[in-house]
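The values are calculated or read from the model by the stated rules, or taken from the named source; none is laboratory data. Since we're looking at a predicted model, the values are computed, not measured. When we count neighbours, we look across all protein chains shown, and the Cβ atoms used for this are built from the backbone with ideal geometry, even at glycine. To get the accessible areas, we keep the full protein, side chains included, count just its heavy atoms, and leave off ligands, DNA and RNA. Shrake-Rupley method; radii C 1.70, N 1.55, O 1.52, S 1.80 Å.
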Amino acid sequence: MANKIMQWLDERLGLTTIYNTVLDRKVPKVNWWFTLGSASLFLFVLQGITGIFLTVYYVPSPDHAYDSIQFIMNGVSFGWLIRGIHHWGATLMVLTVFAHMLRTFYFAAYKYPRELTWLTGVVLFLATLGMGFTGYLLPWNQKAYWATTVGTQIAGTIPFIGEFTLNVLRGGPGLSAVTLARFFSLHIWFIPAVIILAISIHMYLIIRLGISMIPGKDD
Ligand code: HEM
């Protein structure tokens with residue numbers, strides 16, 4: 001019965017072709033360092049899922065942000081666990097993406113024909129840091145407030161466009177409700193959209209080109 005249903009769906013959706021193209025590919029003999037991209041993907045999905053759960057109780061306003069986090073930690077069943085995974089997952093994701101970038105650099109995997117895989121990777125790296133920076137403000141505690149004050153001030157020292165960048169990030173000269181709303185929106189909509197687009201292109205290229213071999217002595 002299950003077989004018949006699968007066959008019916010396969011004829012209409014081409015599931016076998018999708019499976020063969022996406023998952024049943026030949027890979028050269030590689031090592032554990034080549035699993036860091038998949039680990040980054042796993043962590044991104046985990047951050048997405050735990051983040052969606054956090055938005056159920058989190059309120060992005062200066063009056064309620066701090067209290068809503070306290071409520072998630074102490075009042076919501078397993079809230080501490082969801083927040084804990086999201087908190088530590090963020091750090092782990094930055095480390096994993098960075099290690100993955102070092103691996104591809106070390107093995108020169110950015111060379112022809114994988115230049116675009118590298119370039120979409122650069123977007124992913126910057127966007128991952130952006131997620132960390134925007135997420136850090138959301139608990140709206142002392143550490144978050146002052147870290148963002150300093151972080152945005154650093155952006156303000158960029159020659160020529162510094163003041164403009166600082167105003168765009170803060171939504172005014174100082175940190176306010178506008179800053180929190182902006183960071184929240186960047187954190188849950190804009191940057192994830194960029195990451196999803198970049199990952200789609202990144203994965204398309206990996207499936208299309210296959211992964212590189214470990215360079216030999218004569219390469
Ligand atoms: C969210 C971030 C990222 C995800 C989910 C991701 C995912 C992946 C996956 C699954 C692979 C397949 C092979 C492997 O794991 O090594 C891969 C390969 C690759 N990635 Fe990433 N990646 C990310 C970030 C980056 C960054 C930051 C760079 C560099 C700036 C980069 C450059 C590359 C290159 C050049 C390859 C081809 C490797 C080869 O063919 O040996 N990626 N990526």
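Under 21 Å Cα-Cα from Lys111, which lysines qualify once same-chain neighbours fewer than 8 residues away are excluded?
Lys26, Lys29, Lys217
Can you work out the FRET efficiency for the pair Val150 and Met73, with r the C-beta to C-beta distance and R0 = 22 Å, to the nearest 0.05?
Step by step, r from the Cβ atoms, then E = 0.30.
Residue by residue through the range 23-33, which ³J(HN,Hα) values in whole Hz follow from phi under the Karplus form 6.51 cos²θ - 1.76 cosθ + 1.60 (θ = phi - 60°), with glycine and proline marked x?
Whole-Hz 3J(HN,Hα) from phi for the range 23-33: 10, 9, 10, 7, 10, x, 5, 10, 10, 4, 4.
Send over the Kirkwood Rh of the range 1-69, from the inverse of the averaged 1/r over different Cα pairs, rounded to one decimal Å. Spell out each step's value before the answer.
Values: mean 1/r = 0.0602 Å⁻¹.
With all distinct Cα pairs of the range 1-69 included, I get 16.6 Å.
To the nearest 0.05, what FRET efficiency results for Arg12 and Leu197 with a Förster distance of 25 Å applied to their C-beta separation?
On the way: r = 28 Å, r/R0 = 1.12.
The computed FRET efficiency comes out at 0.35.
Take the chain, connect every pair of alpha-carbon atoms lying under 10 Å apart with a spring to form a Gaussian network, then pick out the residue of Val123, Val56, Val94 with the largest mean-square fluctuation.
Val56
Report, to the nearest whole %, how much of the accessible area of the chain belongs to carbon and sulfur atoms, 1.4 Å probe, protein only.
71
What's the FRET efficiency of Leu119 with Thr55 using the Cβ-Cβ distance as r and R₀ = 22 Å, to the nearest 0.05?
E between Leu119 and Thr55, to the nearest 0.05, is 0.10.
Beyond 25 Å, how much of the Cα-Cα pair distribution for the chain remains, as a whole percent? Before the final figure, lay out the partial values.
On the way: 12630 of 23871 pairs.
Considering the chain, 53 percent of its Cα-Cα pairs are separated by more than 25 Å.
What shape does the range 153-193 take by its C-alpha gyration tensor, where a ≥ b ≥ c are the square roots of the eigenvalues and a/c under 1.5 counts as rounded, a/b above b/c as prolate, and the rest as oblate?
Taking the square roots of the gyration eigenvalues as a ≥ b ≥ c, the range 153-193 is oblate.
Rounded, prolate or oblate for the range 84-197? Axes are the square roots of the Cα gyration tensor eigenvalues, ordered a ≥ b ≥ c, and the cut-off for rounded is a/c under 1.5. Write out the running numbers ahead of the final one.
Working: a/c = 2.29, a/b = 1.65, b/c = 1.38.
Because a/c hits 1.5 or more and a/b exceeds b/c, the range 84-197 counts as prolate.
About the Cα centre of the chain, how large is the charge dipole given +1 on each Lys and Arg Cβ and -1 on each Asp and Glu Cβ? Please answer in debye to the nearest 20. Write down the numbers at each step before the final one.
Working: 14 positive and 9 negative charges, 86 e Å.
Result for the chain is approximately 420 debye, rounded to the nearest 20.
How many nm separate the modelled label positions at Tyr136 and Leu209, each set 7 Å beyond the Cα in the direction of the Cβ?
3.2
Length gain on complete extension for the stretch His87 to Met1, per 0.36 nm per residue less the alpha carbon to alpha carbon distance? Write out the running numbers ahead of the final one.
Working: separation 86, 0.36 × 86 = 30.96 nm, distance 4.44 nm.
Extra length available between His87 and Met1 comes to 26.5 nm.
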